[in-house]
Structure formats: C-alpha cells, structure tokens
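Taking it in order: structure first as structure tokens, then the write-up.
The values are calculated or read from the model by the stated rules, or taken from the named source; none is laboratory data. From a predicted model like this one, the values you see are computed outputs, not experimental measurements. Glycine gets a Cβ as well: all are built from the backbone with ideal geometry, and neighbour counts include every protein chain shown. For accessibility, only protein heavy atoms count, side chains too; no ligands or nucleic acids. Shrake-Rupley method; radii C 1.70, N 1.55, O 1.52, S 1.80 Å.
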Amino acid sequence: MADRVFIEGSLLEKFIAYTHVSDPRMLWEEEQKIREAEKISKFIENNPRQTTYSESEAFLAKKLYRGCVHPQTGEIIHPFFRRAAFLPVNIPIYAGMLLSPSTFPWIVCKCTFILLPHSNFS
C-alpha cells in the first residue's frame, strides 16, 4: 500500500501524491530524520517483499523522503523552498496584497515581486 500511494499514473494518483508531499507538518523536519527516511525508502525499493518495516512506517518514510529530498541530486531541500512551505509562506503575502489599500500600487507590486519568485521555486 505504501508503494501504491506514490505510483503516479492517473491524475487522481498524482493529486494524492502531491497532497502528501505538500503536508506543512514536514516543513521543519530534522536532517537526521530525513536521512533515516531516505535509508528506509531505499531499503524498501531494493527489497519490495521486506517485513522489517510496517506499512505505516514505510509510508511515512517515503512521504518524508519525497517531500524533503531533491530527486535528482539527493540533497535536502531548504525548508523555505519545499513544497510543504507553499501555503505557510504564501498566505501572508496574499493577505498583504488583498488587505493593502488600493491607493498604494507600490504595495501590490512589492507583494507581487515577493510572491512570484517563491511560487516558481517551490
């Protein structure tokens, strides 16, 4: 089951995998915990019929690994640029844009220039 959630075939499966990776609770995970999840995830990939880890442990490890480690380089992604940071970082920016008086266009431009680079990098 843990492997099934991260097989990205149909649109629904991709959406579910995206929601798991976007979980804001993964934002401040420690490097040691991420590396341990990486080891578990790679062990499960190499040994699909293993019984060492329970299904929930395998799922959480794969979720943490997919959300915090760059898939091509293997480096840990800075918390500000993880997919999990999208909502916690962008909500204050959107609130600033919407609640600023419309007579100050420089505020809207400033918020837009803050928002666009972060949205492109996450």
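Report whether or not E45 is touching a residue at least 24 places away in the same chain (Cβ under 8 Å) and either open to solvent by 30 Å² or more (accessible area, probe 1.4 Å) or closer than 26 Å to F15 by Cβ (or both). It is false that E45 is touching a residue at least 24 places away in the same chain (Cβ under 8 Å) and either open to solvent by 30 Å² or more (accessible area, probe 1.4 Å) or closer than 26 Å to F15 by Cβ (or both). Residues in the stretch 64-78 that are in a helix (DSSP H, G or I) and either in contact with a Ser or Thr (Cβ under 9 Å, 6 or more places away or on another chain) or open to solvent by 30 Å² or more (accessible area, probe 1.4 Å) (or both): L64, Y65, R66, G67. Going by the conditions given, is E36 open to solvent by 90 Å² or more (accessible area, probe 1.4 Å), more than 20 Å from A85 (Cβ to Cβ) and touching a residue at least 24 places away in the same chain (Cβ under 8 Å)? Criteria met by E36. Of everything in the stretch 1-33 that's at pLDDT 85 or above and either of a type in the set (K, R) or over 26 Å from F86 (Cβ atoms) (or both), which residue is most open to solvent (accessible area, probe 1.4 Å)? It comes out as R25. The number of residues in the stretch 48-63 that are open to solvent by 90 Å² or more (accessible area, probe 1.4 Å) and either more than 17 Å from H20 (Cα to Cα) or touching a His at 6+ places or on another chain (Cβ under 9 Å) (or both) comes to 4.
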